[in-house]
Amino acid sequence: SHIDFPLSLSYCEWVKEVQEECIDHFIKGGQQGTALKEWWLVNNSCVYIWNYLKQTIDKNNHNNVIDWLSKGYNLLMASKGGVDFVLVCQYAEALVQGYLAKNKVSKLLSGSVSP
């Protein structure tokens, strides 16, 4: 089958834009779930976000997705316990790894760079 995408974009850029749009919609869905206090909707939105970001996280590029991880984490925390605790922990760990990588603290902690 033929997939149409703008010729001005490379295929990788087009896929990234589609991914960003999907994640933004899942975040909006989670926000609506929070407003309605429908925690299953928040949980499912965050599971979809996690699945979209999983490949990036698995490649230790957490710092590239901190904004989305933060939004998902905040949605989960707004539930005050109405969502999957394991998912909350996964988001928290990925955020910590992202902040460590972003701030290059990981090099300091590993001892490869002196303070």
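The values are calculated or read from the model by the stated rules, or taken from the named source; none is laboratory data. Owing to the predicted nature of the structure, the values given are computational and were not obtained by experimental measurement. Note that each Cβ is placed from the backbone with ideal geometry, even for glycine, and that neighbours are counted across all protein chains shown. Only protein heavy atoms, including side chains, enter the accessible area calculation; ligands, DNA and RNA are left aside. Shrake-Rupley method; radii C 1.70, N 1.55, O 1.52, S 1.80 Å.
When Leu95, Leu41 are compared by accessible surface with a 1.4 Å probe, the order from highest to lowest is Leu41, Leu95.
So, R0 is 25 Å and r is the distance between the beta-carbons of Val96 and Lys54; what FRET efficiency does that work out to, to 0.05?
Values: r = 17 Å, r/R0 = 0.67.
According to the calculation, E is roughly 0.90.
The Asn103 and Met77 beta-carbon pair, evaluated with R₀ = 25 Å, returns a calculated FRET efficiency of approximately 0.70. Of the solvent-accessible surface of the stretch 1-102, computed with a 1.4 Å probe over protein heavy atoms with every protein chain present, carbon and sulfur atoms account for 55 percent. Extending 7 Å from the Cα toward the beta-carbon at both Tyr11 and Asp67 defines two label points whose distance is 2.6 nm. Take 15-21, 33-39 and order them by the average number of nearby Cβ atoms within 10 Å per residue, most first; the result is 33-39, 15-21. Rolling a 1.4 Å probe over the heavy atoms of the protein chains gives the stretch 50-102 an accessible area of 58 Å² per residue.
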